[in-house]
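A.B. asks: Sending over a structure as structure tokens; questions will come in a sec.
The values are calculated or read from the model by the stated rules, or taken from the named source; none is laboratory data. Note that the structure is predicted; figures quoted are calculated from it, not measured. Heads up, the Cβs are rebuilt from the backbone with ideal geometry, glycines too, and the neighbour counts pull from every protein chain shown. Heads up: the accessible areas ignore ligands, DNA and RNA and are worked out on the full protein's heavy atoms, side chains in. Shrake-Rupley method; radii C 1.70, N 1.55, O 1.52, S 1.80 Å.
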Amino acid sequence: MNKAANILIVGVGGQGTVLASRIISQAAQLSGYDVKQSEVHGMAQRGGSVVSYVRFADKIFSPMVEIGQADMIIAFEKLEALRWSDYLQSKGIMIVNEQEIPPVSGMTGTVSYPGDILKTLSSYCQTITVNAIGMAIKLGEPRTVNSILLGTALKKLGFERSIGEKAVIKSVPGRTVEVNLRALSLGWDLI
Amino acid sequence: MANVNVKKNIEKGGDIIVKLLSGNEAIARGAYEAGVKVACAYPGTPSTEILENIAVYDGINSEWSPNEKVAVEVAQGACFAGERALVAMKHVGVNVAADPLFSLAYTGVNGGFLVVSADDPGMHSSQNEQDNRYYAKFMKMPLLEPSDSQEAKDFVILGLELSEQFDLPVFLRITTRIAHSKSLVVLREPLNREKRIYAKNTKKYVVMPSNARKLRITLEERLQKLRIYLDTFPGNRAEGSGEDFAVITSGIAYQYAREALGERATYLKLGFTYPLPEKAIREFAALHDTLYVIEEGEPFLEEQIRAMGVNVVGKEFFPAIGELNSQMIKEKLLGEKSSSMITSHNLPARPPVLCPGCPHRGIFYVLNKVADYITTDIGCYTLGTLPPLNAGELCLCMGSSIGNAFGMSKVMPDRKIVATIGDSTFLHSGITALMDVVYNRGKIILVILDNSTTGMTGHQHNPSTGFTIKNEPTKKIDLEAMVRACGVEQVWQISAYDLKQVNETLRAAIACEETAVVIAKQPCVLINKRMARSYRIIHENCKYCRSCLDIGCPAIGNRDGEIFINEVLCNGCAVCTQLCMFSAIEEDRGYT
């Protein structure tokens, strides 16, 4: 694979986007690719807009994805999907979790949470919406949102199922492996 | 040397371990493989994870130092005594540590000495974007700039070897994108390095003028030997054979340049950027008509190359302000505009704010009512200057709040001036300013916001928490005893969540004729998991006066003419209940 796969994982601080990027990187590494992953951490605040970048190919130089270059955006939250959407290239895929987390400025009534985000996104790009939180609750473990979204994303990226499973096994805490594998499989079979 | 042919390694099977590591994790691994025995740091983004990862190795004596200057001095001692030592800090930390570092270049080393400076172009979490490569040149320290995690690890090992070989401390400079980006790294076994013998040598280790004058000369001789070695240094290399552009680059900018220009350019990739490899640059220049210097930040390479009499193109194309990226290079050199489908959404932002339940919030709320001017400092509490609290006038650097308040009070003696500083920052460099206030007969009010941790950088221990970097229990600095020992007689310890007590104490402190210190205690809400409770609005009682919104708590919302509390975000500090005049906020017993 000469051309790099460029992926953005976006969400709100505390949602687990860093773990998700680690699992994608792991899958890429297991498939024999060069891989780079990037995120900014520092401020211990929760609830900020967060982004991480994953790129893989035979050889990767820059760890960053530029505006208009992403093949896929995995959005853990709807508003963040819209915020980062200009990073997507014209044929890119947006995978968006249906969850809404109002920002503080929205909570205090100064700005309202935009309506119709999914409609807006669909008019611009190929959008796959996933009710991951609903599926995770049904599974009995709300914290598997991550693995559900990853199931859909890893399949769409063309990874082998066994590689996706191995990446999850290597990345999540031992006692949660089983439920996360079930979650991965739910997301995998969604498309 | 740094290119990992990963696929081949994996196919070869088990004998080579390749791991995806951040630059900071790779530096820690490098310290381990190079046989570093003492490592010191004060936390600071983007450098913090270096020491956190080094501390995991049993064989490395690691510490959170009170500040960067102390970190360097401790590591110096270890290096003189014969072991390899490493210090890590964010770019502005080098300002604090500059004093011992400048003279260390004069004395040279015994065991290898490496200083890691993590710069923050774009100021993701910093007050300035100083380019610390100038420090290396100013201090006359060899400067290495890795461009990925593999090089970060390799350069730690190499830097320590060169340090011993040329009797010089070595400066390893990374940036946020190196520190926090992960790439594949080949792991090796640690070196079996013998400790060097310490022998008393005052001519080398005591920098009194008569010795320093001689050391000043040997410093130039040592650097000259290094310049000769540089001609064969494998980390400076020409790459590619593209004919459209000839590029000289270093650090993360190398990755951006390769990404943008690919096979269309020829590159001179520099791993060593002070002293510059003059011979390699002249040879490269002789082959090309136009040379582009692609570097992030200041024109550090460009100025030095121009000074050699070699003409280059640089900052007239690429900005010195903020971060560089591959798109900028494509636009400037290839005329390729970025292609984005969607632009300019006016979306609600998610700015950093004080967390729900943050103990600083109530203090600032009361200070706004009782003080004329508030000086603030580096830490989470700098966020108190944002709306709606708007608490604070000045913030410049670690420890500055106390000196700043004292200076203001000299000019505005009739004003109530309050300095605010966290526990870790006070111990870092606030204590000396407090001595100044007392010694020079000043009068200010100091509030120490004691949340028992170093919060902003992600909860590191400090001398007042009672634990070391390895979580070993240790003696705990008693802040009150320390403040009293400085000569302050008016000292209070209060709970930051009790607004009545906060209000009465601050008023009493302000009424004092002399300097007064209030220690407002309450652990950071993110580490205090005991408060598994939340609050809710009793809508029948709520008169919609919106007093509770004055503290800017992210858990309190105002939508469609109604106040509500988000029970998931609420951390149960109960500060809002003390603002409500209508008893409209109560503990939510339905939620645990």
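A.B. asks: What are the pairs with Cβ atoms under 6 angstrom where one residue, in region B:160-187, is at negative phi and the other, located anywhere, is part of a strand (DSSP E or B) and hydroxyl-bearing (Ser, Thr, Tyr)? Sequence gap at least six, or different chains.
C.D. replies: Matching pairs, first to second residue: B:173/B:117; B:180/B:22; B:181/A:38; B:182/B:22.
A.B. asks: May I pose another question? Restricting attention to region A:6-14, does a residue exist that is at the interface with another protein chain (Cβ under 9 Å from one of its Cβ atoms), over 21 Å from residue A:143 (Cβ atoms), within 17 Å of the chain's Cα centre (by Cα) and β-branched (Val, Ile, Thr)?
C.D. replies: Kept after step one, since they are at the interface with another protein chain (Cβ under 9 Å from one of its Cβ atoms), are these residues of region A:6-14: A:12-13.
Among the residues that remain, those that are also over 21 Å from residue A:143 (Cβ atoms) are: none.
No, every residue in region A:6-14 fails to be at the interface with another protein chain (Cβ under 9 Å from one of its Cβ atoms), over 21 Å from residue A:143 (Cβ atoms), within 17 Å of the chain's Cα centre (by Cα) and β-branched (Val, Ile, Thr).
A.B. asks: In region A:11-27, what residues are of a type in the set (Gly, Ala, Ser) and free of Cβ contacts under 8 Å to residues at least 40 places away in the same chain?
C.D. replies: A:13, A:14, A:21, A:25
A.B. asks: Still on this structure, please answer the following. For region A:118-134, indicate whether the set of residues that are under 25 Å from residue A:25 (Cβ atoms), touching a Cys at 6+ places or on another chain (Cβ under 6 Å) and either assigned to a helix (DSSP H, G or I) or modelled with pLDDT of 90 or more (or both) is non-empty.
C.D. replies: No, the conditions are met nowhere in region A:118-134.
A.B. asks: A further question on this structure: Conditions: (1) more than 20 Å from residue A:150 (Cβ to Cβ); (2) out of contact with any helix residue (DSSP H, G or I) (no Cβ under 6 Å at 6 or more places or on another chain); (3) among the acidic types (Asp, Glu). Residue A:77 meets all but one. Number of the miss?
C.D. replies: Of (1) more than 20 Å from residue A:150 (Cβ to Cβ); (2) out of contact with any helix residue (DSSP H, G or I) (no Cβ under 6 Å at 6 or more places or on another chain); (3) among the acidic types (Asp, Glu), only one is false for residue A:77: (1).
A.B. asks: Then there is this: Output the strands (runs of 3 or more DSSP E) that fall wholly within region B:210-313 and possess 3 or more residues being open to solvent by less than 30 Å² (accessible area, probe 1.4 Å), or say none. Give the derivation first.
C.D. replies: Working: elements: B:237-239, B:245-250, B:265-270, B:272-274, B:291-294.
Fully inside region B:210-313 and qualifying: B:245-250, B:265-270, B:272-274, B:291-294.
A.B. asks: Quick one: would you say residue B:457 is surrounded by 24 or more Cβ atoms within 10 Å (Cβ to Cβ) and part of a loop (DSSP other than H, G, I, E, B)?
C.D. replies: Details: surrounded by 24 or more Cβ atoms within 10 Å (Cβ to Cβ): yes; part of a loop (DSSP other than H, G, I, E, B): yes.
So residue B:457 passes the test.
A.B. asks: All but one of (1) out of contact with any strand residue (DSSP E or B) (no Cβ under 6 Å at 6 or more places or on another chain); (2) within 14 Å of chain A (Cβ to nearest Cβ) hold for residue B:511; state the number of the condition that does not hold.
C.D. replies: If we test residue B:511 against (1) out of contact with any strand residue (DSSP E or B) (no Cβ under 6 Å at 6 or more places or on another chain); (2) within 14 Å of chain A (Cβ to nearest Cβ), just (2) comes out false.
A.B. asks: Next question, about the same structure. I'd like to know if region B:302-324 contains one or more residues that are under 28 Å from residue B:135 (Cβ atoms) and within 11 Å of chain A (Cβ to nearest Cβ).
C.D. replies: Keep residues of region B:302-324 that are under 28 Å from residue B:135 (Cβ atoms), which gives B:302-324.
Those still in the list that are within 11 Å of chain A (Cβ to nearest Cβ) too: B:323-324.
Looking through region B:302-324, at least one residue is under 28 Å from residue B:135 (Cβ atoms) and within 11 Å of chain A (Cβ to nearest Cβ).
A.B. asks: Checking the structure you have, find out if any residue of region A:19-27 is open to solvent by 40 Å² or more (accessible area, probe 1.4 Å) and either within 7 Å of another protein chain (Cβ to nearest Cβ) or in a loop (DSSP other than H, G, I, E, B) (or both).
C.D. replies: no
A.B. asks: Which of (1) more than 30 Å from residue A:66 (Cα to Cα); (2) facing another protein chain (nearest Cβ under 8 Å) does residue B:362 not meet, given it meets every other one?
C.D. replies: With respect to (1) more than 30 Å from residue A:66 (Cα to Cα); (2) facing another protein chain (nearest Cβ under 8 Å), residue B:362 is out only on (2).
A.B. asks: Among residues belonging to region A:66-90 that are more than 10 Å from chain B (Cβ to nearest Cβ) and in a strand (DSSP E or B), point out the one that is most open to solvent (accessible area, probe 1.4 Å).
C.D. replies: Step by step, filter region A:66-90, then rank; the result is A:71.
A.B. asks: When you scan region B:543-555, do you find a residue that is among the charged types (D, E, K, R) and either touching a strand residue (DSSP E or B) at 6+ places or on another chain (Cβ under 8 Å) or assigned to a loop (DSSP other than H, G, I, E, B) (or both), even just one? Show your work before the answer.
C.D. replies: From region B:543-555, those among the charged types (D, E, K, R) are B:543, B:546, B:550; that's our starting set.
Add one more test, that the residue is either touching a strand residue (DSSP E or B) at 6+ places or on another chain (Cβ under 8 Å) or assigned to a loop (DSSP other than H, G, I, E, B) (or both), and what stays is B:543, B:546.
Checked region B:543-555: at least one residue is among the charged types (D, E, K, R) and either touching a strand residue (DSSP E or B) at 6+ places or on another chain (Cβ under 8 Å) or assigned to a loop (DSSP other than H, G, I, E, B) (or both).
A.B. asks: Going by the conditions given, is residue B:567 open to solvent by less than 80 Å² (accessible area, probe 1.4 Å), among the acidic types (Asp, Glu) and not assigned by TED's automatic domain parsing to the domain that holds residue B:423?
C.D. replies: Values: open to solvent by less than 80 Å² (accessible area, probe 1.4 Å): yes; among the acidic types (Asp, Glu): yes; not assigned by TED's automatic domain parsing to the domain that holds residue B:423: yes.
Yes; evaluated as a whole, the condition is true for this residue.
A.B. asks: What number of residues in region A:146-169 are at pLDDT 95 or above and either of a type in the set (A, V, I, L, M) or under 13 Å from residue A:22 (Cα atoms) (or both)? Walk me through how you get there before you give the answer.
C.D. replies: Taking region A:146-169 first, the residues at pLDDT 95 or above are A:147-169.
Subset that is either of a type in the set (A, V, I, L, M) or under 13 Å from residue A:22 (Cα atoms) (or both): A:147-150, A:153-154, A:157, A:163-164, A:166-169.
Residues flagged as at pLDDT 95 or above and either of a type in the set (A, V, I, L, M) or under 13 Å from residue A:22 (Cα atoms) (or both) within region A:146-169 amount to 13.
A.B. asks: Of the residues B:168, B:172, only one is farther than 29 Å from residue A:63 by Cβ and open to solvent by less than 30 Å² (accessible area, probe 1.4 Å); which? Outline the logic, then answer.
C.D. replies: Details: B:172 fails: farther than 29 Å from residue A:63 by Cβ.
Exactly one residue qualifies, and that residue is B:168.
A.B. asks: Also, quick follow-up: Look through A:152, A:144, A:176, A:127 and report the one residue that is of a type in the set (Val, Ile, Thr), open to solvent by less than 40 Å² (accessible area, probe 1.4 Å) and over 23 Å from residue A:14 (Cα atoms). I'd like the intermediate steps shown before the answer.
C.D. replies: Values: A:152 fails: over 23 Å from residue A:14 (Cα atoms); A:144 fails: over 23 Å from residue A:14 (Cα atoms); A:176 fails: over 23 Å from residue A:14 (Cα atoms).
Going through A:152, A:144, A:176, A:127 in turn, the sole match is A:127.
A.B. asks: Could you give me the residue pairs with C-beta distances under 8 Å whose first residue belongs to region B:450-474 and is at the interface with chain A (Cβ under 9 Å from one of its Cβ atoms), whose second residue is in a strand (DSSP E or B) wherever it lies, and which are 6+ apart or on separate chains?
C.D. replies: Going by the 8 Å Cβ cut-off, the qualifying pairs are B:455/B:422.
A.B. asks: Now for a separate question. If we only count helices (runs of 4 or more DSSP H) wholly inside region B:321-436, which ones have 1 or more residues that are surrounded by fewer than 24 Cβ atoms within 10 Å (Cβ to Cβ) and outside the structural domain of residue B:517 (by TED's automatic domain parsing)?
C.D. replies: Details: elements: B:326-329, B:360-370, B:400-411.
Correct list: B:326-329.
A.B. asks: Name the pairs: first residue in region A:54-74 and among the aromatic types (Phe, Trp, Tyr), second residue open to solvent by 10 Å² or more (accessible area, probe 1.4 Å), Cβ to Cβ under 6 Å, at least 6 apart or on different chains?
C.D. replies: A:56/A:5; A:56/A:33; A:61/B:258; A:61/B:259
A.B. asks: Quick check on my filter: what residues within region B:542-579 are within 14 Å of another protein chain (Cβ to nearest Cβ) and β-branched (Val, Ile, Thr)?
C.D. replies: If the condition is that a residue be within 14 Å of another protein chain (Cβ to nearest Cβ) and β-branched (Val, Ile, Thr), then B:551, B:556, B:563, B:565, B:568 are the ones that fit.
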